[in-house]
Structure formats: C-alpha cells, structure tokens
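**Q** Below is the structure I would like to discuss, written out as structure tokens.
No value in this document is a laboratory result; all are computed from the given coordinates. Since the structure is predicted, the reported quantities are computational estimates derived from the model, not experimental observations. Using ideal geometry, Cβ is built from the backbone for each residue, glycine included, and neighbour counts are taken over all protein chains shown.
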C-alpha cells in the first residue's frame, strides 16, 4: 500500500513542480524580451514595461498550465484504471493469473514461508450444461467470495484458470481446517440443484513451498495433488509429496 500511495503522489508533485517552472520561465522570458525591446525602442518607461512583462505571464500561464495539468491527470487516472483491469479478473473481482504470478514470485524470492492451495470446482461442466452459463457464472462468483472470506491475513487469492483458483497462504496455516471451512461455506450454494447436482464442492491440492523452490515448480506440485484429489473422488484435499 505505501508503494501505491507513493505512485499516486509522485505525478501530483511533478505537475506542481512543472507548473512552477513553466510560470517562472514564462515570467523570465517575458521580462528578457521586454528588456531587449526597450533597449531597441525605448518609448515606454522602463519600470512600467518590466512590471507589465511580469504580470501578463502570471495571468496567462496558470490557466493554460492548469488545463494541461488536468489533461495529464486524466491520462494518469486512465492508465491506472487500465492497469487495474489488466490485473483483475472481471468475473470474480479477484486477482487474475498475471497478478497472482507476480505477487507469488515476489514472496517466494523474498524467502517467505508459504504454502499453495489450488482449488477446482467439481463438475463445473455439468453446472454449465444442465443449468446454463448463468448458473456457471454464479458458481464462479460464489466460489470466489467464499475463498476470499476464508483467506487468512496476508493470504493471496486469485482466479488462475476457468474454474481453478489459487490461495497462497503462510506456511503455518492449518490447511486442513482452512479447506474444511471453505467446503462448509461452499455447501450453501446459491445455484439451484439440478440434474443430480446436490451441492457445490471443490477439490484441493496443497503444496508447501520448499527452500529455493520457484513458483512454476510449486504450482506443478499443487496441481499434481489436485489431480490426486480428483482421482480420489473429488470434494477432498490432497497433499503434494
């Protein structure tokens, strides 16, 4: 958060400094031009001419620069909004894969003790096929909300694939208890039951980061554990070796 605040403050400081420089340069240039003109023509009282040359830029330059500053600030805000969109999953509001990968790699590079939980909605295709894509979208947003609520302090939650989510949490987190809470919340499914779908469940693969392990290797182990949970009957958690 402090880094984001600093990024917001710096453009404003640059605009203010730029305004001071523009006005100062305008006054200096106008006074120099007046001085040179006076030495050539000399038909005005020198002090009056110099005062006029200082006042006119002060009246004209601030509105002009203010308009330029307003356009620059609008451009900065538009760029910030685009950056947010590029890092956010539009469907669920969670971080997307790009944002997750960047943040996770930073934590791993810093040597933070973490573990990765990969969650996949069970029978998601059946939800889409039997109840329609609107129900599938509702299942995704419901799962995202449950995972976001369950994430411990300092945890990172993201949607990294179609119906696949990732949680990067501190290594000391009790993964079994966390998964149990998530499963209980998922059971309160807002999607109407149909075609044999009695409740919404997820399968989980869990991998604790090893010393010096990169994100790709950690994801690979968590995915392997997820497939083991799927093969074991779904609606369960499997630990990576």
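**Q** Residues in the range 203-230, backbone N under 20 Å from the label point at residue 109 (7 Å along the Cα-to-beta-carbon vector): list them, ranges by number please.
**A** 209-220
**Q** Right, something else. Reported to two decimal places, what Rg/Rh ratio describes the range 97-239 when computed on Cα atoms with Rh from the Kirkwood expression?
**A** Checking Rg against Rh, the ratio lands at 0.97.
**Q** Assuming 0.36 nm per residue, please report the length gained on full extension of the stretch residue 227 to residue 153 beyond their Cα-Cα distance.
**A** Stretched fully, the residue 227-residue 153 segment lengthens by 23.9 nm.
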